[in-house]
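Nothing in this text is a laboratory measurement; each read-out follows from the coordinates by a stated rule. Worth saying up front: this structure is predicted, and the values here are computed from it rather than measured. Note that each Cβ is placed from the backbone with ideal geometry, even for glycine, and that neighbours are counted across all protein chains shown.
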Amino acid sequence: MLYVIEFLLFLVYTVCVFFIKIYELILIIAIFNILLMIILKENIKEALIAIFKLMPFIIFTSGINMIIAGINYGVIIGIRLVLVCNMTYIFFKKMTQSKFQYVIETLLRPLKIINVDSKEIGIMLCIGIAFIPIIQKEITQVKYSLNAKGFKLNVINVLRRPNYILAPLITSVIKRVGEIESSLLSKGYVS
């Protein structure tokens, strides 16, 4: 039950960050994030790397908001996104997949009234989340193999020949899905 409370607090925090309009309160939240990382002994360098990887998205979103609503609003949106991304990083470093599955199952338990199996949804979400790093690794391997074959990876070549990237990527992903299916069958999750 503690994991469910942690998850709900995380959701409330994430939503509340976007409704705060007082700059001093945003600064207090930033300090809270840093203190939480220190208390939980999280690697600040890894957190900064994770946020840096999301910077194109954050800059794009901030830029759009700057154009539409003004520079101050765009900057605030960027700061809010950094805070939320940092808290998400902290939360999911401490939340294992089995804990996350338990949280989803617990929160979706009331849907049993309309015949929805919360356990299956929890398993599907965990598999989907676990698949993200697998796909990233597969994309990196495809890039390396194409570079080794002399294929220059730029936007024009990717748009001209998407099958050079998609065919090996889809093949390896389907192979991984087969492996996961076999694993789930052997553990009795899928009938």
In nm, spacing of pseudo-spin labels at Ile67 and Leu25 (7 Å Cα→C-beta vector): 3.0
Gain in span if fully extended, Phe60 to Cys16, counting 0.36 nm per residue against the direct Cα distance: 13.6 nm
Residue range of the chain that is longest and free of trypsin sites (Lys or Arg not before Pro) which are both DSSP loop and sparsely packed (at most 10 other C-beta within 10 Å): 42-148
Label-point gap, in nm, between Thr106 and Val177 - each point 7 angstrom along Cα→Cβ: 3.2
Signed unit charges on C-beta, dipole axis of the stretch 46-121, positive-most listed residue Ile79, Ile58, Leu108: Leu108
Reachable aspartates and glutamates, given that their alpha-carbon falls under 20 Å from the alpha-carbon of Lys99 and they are not under 8 places away in the same chain: Glu6, Glu42, Asp117, Glu120
All lysines inside 25 Å of Lys143 as judged from Cα atoms, apart from same-chain residues fewer than 8 positions distant: Lys53, Lys152, Lys175
Euclidean distance of C-alpha centroids, the stretch 1-61 and the stretch 112-185, integer Å: 28
FRET efficiency, Asn43 to Ile113 (Cβ-Cβ, R0 30 Å, nearest 0.05): 0.10
GNM top mover of Ile64, Ile123, Ile114 - the chain, alpha-carbon springs below 10 Å: Ile114
Net charge, Gln136 excluded, C-beta distance under 15 Å - Lys, Arg +1, Asp, Glu -1: +3
Value of [θ]222 nm, deg cm²/dmol, for the chain, DSSP H segments ≥ 4, -39500 (n - 2.57) each, nearest 500: -27500 deg cm²/dmol
All lysines inside 17 Å of Lys187 as judged from Cα atoms, apart from same-chain residues fewer than 8 positions distant: Lys119
Global form of the stretch 2-95, assessed from the alpha-carbon gyration tensor, a/c cut-off 1.5: prolate
